[in-house]
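Down below is the structure, laid out as structure tokens.
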Amino acid sequence: MTKTTSPRHQIVIVGGGTAGTSVAASLRRRQPALDIAVIEPSESHYYQPAFTLVGGGTMSLDETARPQQETLPEGISWIQQAVAAFDPKSNCLTLDDGRSLAYDILVVAAGIQLNWDQIEGLTEALGHNGVCSNYSPDYAPYTWECLRHFRGGNAIFTQPAPPLKCAGAPQKIAYLAADHARRNGVLSDSTFHLYSGAGALFSVPDFVPYLEEVAQRYGIGIHLSHHLLSVDGNQRIARFQNTDPAGNQDEIEQPFDLLHVTPPQTAPDFIRSSPLATSEGWVDVHRNTTQHNHYPNVFALGDASSLPTSKTAAAVRKQAPVTVTNILAHLAGRELAASYDGYTSCPLITAYGKVILAEFIYDGVVTPTLPLNPFKESRFYWWVKTTALPAFYWRGMLRGYEPDIVHKPRPSKASASA
Ligand SMILES: Cc1cc2nc3c(=O)[nH]c(=O)nc-3n(C[C@H](O)[C@H](O)[C@H](O)COP(=O)(O)OP(=O)(O)OC[C@H]3O[C@@H](n4cnc5c(N)ncnc54)[C@H](O)[C@@H]3O)c2cc1C
């Protein structure tokens, strides 16, 4: 009997999005001789942080997209497939078409799964009757159509319970929509509501009072612990389940003229069902080294990882150099010296032309990069969000440039006033 062996690569990266491409580019830049394969099914690479700007009408969808072939670094093998299963004991994985692939080092960077179908009626309703979502390139342009044609009425914005990528995005579009309505003189003829499955308006308490002030300015009602159950696009009715602090549940129906939905999100099914996963489904990695807690030749970063921080591209910017340094150390038989501190950031757009840049590390410690008031709405940070960051993403991050931009902890509001 002849034994067939799977094709093998020194480094196999699953996912060619923000994290996978950044890691591939950085590895190539540091060690051009490495044999790297990236497994990525999509033809296009999107700069997802700009989907909010597409929905707000300040950027076109085309500006957020590049062909995958152009964004992946030269000299790597692109396998245009999806991964179906992992077999880490054999250092092997299975592709959707049934082929298997072996590796010396595996990097999992397959993002988060959007579960549109968990909301009854949503898939049919999206894209019509004022039902939109910035969470898909298919519907973000329709958000802008809805904002443009909004002539007053009930505007509703939903946010699922965590986890979700860019947890600030559901409220950013609410603020843009309200600001747009204000500019068109229809805000006073409208009601704006944010229904969130979370228990707080933002995960870092220091930012909450400032965001509450912004919401109040527009008259946006904030309703926490409300889960979207179903959408009836034809009748324009959204149904929510509300859980009160005592745990009692009831259901409410809300008519809408505009409904922006952020879908429920989980770890991807193929990771959740694999030996690589934590009980919650994420790739089980060390919070500082990004190395797998049981399989030392496996690393993970970005939205698919168990790293206990907010899931953003900004977090990936700091995770990628740590992951790459530690992969190279592992290959050389050295100790893993690079350490990720949980840095993440969220440019909270509060109006056209204004942003609060929330930067923080593990345990919600606020860590601004620049010596500016991190709680103040800023025009400069609007420029950073709309101009500097997209340019840096395409020309810097995805090409493996890793400038060491330092962020510094500052005392929390709570501890400062204690
Ligand atoms: C509306 C919106 C607003 C956002 N705003 C911001 C912001 O302002 N700032 C910020 O920093 N971040 C923001 N983000 C979040 C940011 O885009 C993500 O956190 C970031 O892209 C995560 O990178 P990733 O590589 O982990 O996942 P992704 O970039 O999503 O890449 C995952 C890749 O894995 C691939 N994949 C999936 N399944 C498989 C499989 N089975 N096999 C192989 N490949 C697979 C996918 O095709 C995809 O290309 C926003 C996101 C959205 C949707």
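Every number in this text was worked out from the coordinates using simple rules, so none of it is lab data. This one's a predicted model, so the numbers in the text were calculated from it and none came from an experiment. Every residue, glycine among them, receives a Cβ derived from its backbone with ideal geometry; neighbour counts consider all protein chains shown.
Projecting label points 7 angstrom from Cα along Cα→Cβ for ALA200 and ASP104 puts them 4.4 nm apart. Ranked by the mean number of other Cβ atoms within 10 Å per residue, highest first, peptides 60-72, 230-242 order as 230-242, 60-72. Using only Cα coordinates, the Kirkwood hydrodynamic radius of segment 115-265 works out to 15.3 Å. Only Cα pairs under 8 Å and 6+ residues apart enter the sum, and on that basis the relative contact order of the chain stands at 17 percent. Taking the DSSP bridge list for segment 115-265 and keeping only pairs wholly inside it, about 45 percent are antiparallel.
Between ASP363 and SER90, take the C-beta separation as r, use R0 = 25 Å, and let me know the FRET efficiency to the nearest 0.05. Efficiency computed from Cβ-Cβ geometry: 0.10.
Take the Kirkwood radius over Cα pairs of the chain, plug it into Stokes-Einstein at 10 °C and 1.306 mPa s, and you get 71 µm²/s for translational diffusion. If you take the beta carbon distance between GLU280 and ASN184 as r and set R0 to 30 Å, what does 1/(1 + (r/R0)^6) give as a FRET efficiency, to the nearest 0.05? For R0 = 30 Å, the calculated efficiency reads 0.10. The Cα atoms of segment 213-261 cover 33, 31, 14 Å along the three principal axes, with the biggest extent listed first.
Compared with the dominant principal axis of the Cα atoms in the chain, helix 208-218 is inclined by about 40°.
With the highest mean first, a sort of the peptides 79-91, 10-22 on other beta-carbon atoms found within 10 angstrom per residue produces 10-22, 79-91.
The label point for GLU213 and the one for GLU335, both projected 7 Å from the Cα toward the Cβ, are 4.6 nm apart.
Using the average count of surrounding beta-carbon atoms within 10 Å as a protection proxy, the listed peptides 123-132, 47-56, 398-407 rank, highest first, as 47-56, 123-132, 398-407.
The mean sequence separation of alpha-carbon pairs under 8 Å and at least six residues apart, normalised by the residue count of segment 115-265, gives a relative contact order of 35 percent. Kirkwood analysis of the Cα pair distances in segment 251-352 returns a hydrodynamic radius of 15.6 Å. Against the main long axis of the alpha-carbon atoms of the chain, helix 18-30 sits at an angle near 40°.
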